[in-house]
Amino acid sequence: PAQNATPGLIVEGFLHAMATYQEGYSVARQFLTPAAGEQWRPETGVEIYAGGYPPQVSESGVVLTAPLVGRLDGQGTFTPASTQYHHDFGLMRDADGQWRISQPPRGLLISQSLFSSTWVRADVCFWDATGTVLVPDPRFVQKGTLGMAASVRALLVGPSLATRAAYRAPLDPQLEIASVTLGANGVVAVDLTGDVDRVTVEARRKLTAELVWSLASLEGVAGVRVLSLIHISEP
């Protein structure tokens with residue numbers, strides 16, 4: 001935040017910072033009071049509001065009132081909404097006399113225009129309950145390698161709550177991401193960690209297929225390499 005920024009500029013800066021990912025949303029947290037920064041949980045989801053409704057500044061504070069377009073839960077599953085959103089950011093001065101936000105939204109709050117330019121739909125593909133058909137489980141992820149990593153993480157966590165009964169069960173053993181990188185040739189290299197040695201040959205084939213089809217739905221992906229599963233043999 002700029003030194004001596006007005007309450008309106010503080011809120012506008014916070015809204016823009018929420019639309020751009022940084023580790024732990026460290027830049028966005030600078031617009032919050034220390035107590036609010038500790039309590040804010042951006043990973044819990046996203047609320048998307050219609051564009052053309054800037055925050056309103058008055059003597060009593062800064063308030064955003066706009067139609068709510070939809071919500072993403074913590075898994076990236078989108079649910080449409082048609083309600084009116086109203087939020088008072090609770091502007092107050094900190095110990096240095098600078099305006100800061102004491103009442104952030106629970107998760108991320110992003111305008112529809114900024115959401116459209118920074119997030120993209122990803123068809124995370126899971127095997128159905130019979131293990132014979134790959135079925136997309138639509139999510140929204142941030143563009144670029146962040147979204148690729150989010151798609152891989154979604155596969156490792158398992159199907160969304162709304163579709164869990166129809167898709168395969170969450171993985172056992174549990175695996176985690178070691179790295180997800182995109183090469184200049186468009187090939188995504190996925191390295192997994194965890195109880196990798198317990199993954200059977202059949203489970204490896206199925207997980208590799210899910211990874212390939214899921215990542216192929218994202219722009220700029222020409223191929224997929226799953227490094228940690230290549231040399232696994234049947235226990």
>> Accessible area of segment 106-235 with a 1.4 Å probe: how many percent of it is carbon plus sulfur?
In response: 57 percent
> Rolling a 1.4 angstrom probe over the protein heavy atoms, how many square angstrom per residue are accessible across the chain?
Replying inline: 51 Å²
> For Asp172 and Thr132 in one chain, what is 0.36 nm times their gap in residues minus the Cα-Cα distance, to one decimal in nm?
Replying inline: 12.5 nm
> Counting each DSSP H run of 4 or more residues in the chain as -39500 (n - 2.57), what helix-only mean residue ellipticity at 222 nm follows after dividing by all residues, to the nearest 500 deg cm²/dmol?
Replying inline: -7000 deg cm²/dmol
> In nm, to one decimal, how far is the modelled label at Val57 from the one at Val201, with both set 7 Å along Cα→Cβ?
Replying inline: 6.8 nm
> Hey, if you put +1 on the Cβ of every Lys and Arg and -1 on every Asp and Glu Cβ in the chain, which of Leu91, Val188, Val11 ends up farthest toward the positive end of that dipole?
Replying inline: Val188
>> Above 24 Å lies some portion of the pair distances; for segment 1-120, what is it as a whole percent of all C-alpha pairs?
In response: 21 percent
> Which residue, Gly131, Gly74, Gly223, tops the fluctuation ranking in a GNM of the chain built on C-alpha contacts under 10 Å?
Replying inline: Gly131
>> Rounded, prolate or oblate for segment 163-235? Axes are the square roots of the Cα gyration tensor eigenvalues, ordered a ≥ b ≥ c, and the cut-off for rounded is a/c under 1.5.
In response: oblate
>> Under a Cβ-only charge scheme (Lys and Arg +1, Asp and Glu -1), can you give me the dipole magnitude of segment 128-187 about the Cα centre, in debye to the nearest 20?
In response: 160 debye
> At a Förster radius of 22 Å, what calculated FRET efficiency corresponds to the Cβ-Cβ distance of Arg121 and Ser82, to the nearest 0.05?
Replying inline: 0.65
> Taking θ as phi - 60°, what are the ³J(HN,Hα) couplings along segment 51-64 by the Karplus curve (6.51, -1.76, 1.60), each to the nearest whole Hz, with x for Gly and Pro?
Replying inline: x, x, 10, x, x, 9, 9, 9, 5, 8, x, 10, 10, 10
>> How charged is the neighbourhood of Gln174? Take every other residue with its Cβ under 11 Å from the Cβ of Gln174, and add Lys/Arg as +1 and Asp/Glu as -1.
In response: -2
>> With 16 Å as the cut-off, how large is the P(r) tail for segment 123-214, expressed as percent of Cα-Cα pairs?
In response: 53 percent
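The values are calculated or read from the model by the stated rules, or taken from the named source; none is laboratory data. As the structure is a prediction and not an experimental result, all values here were calculated from the model. FYI the Cβ positions are ideal-geometry reconstructions off the backbone, even for glycines, and counts take in every protein chain you see. For the accessible areas, the whole protein counts, side chains as well, though only heavy atoms, and no ligand, DNA or RNA atoms are used. Shrake-Rupley method; radii C 1.70, N 1.55, O 1.52, S 1.80 Å.
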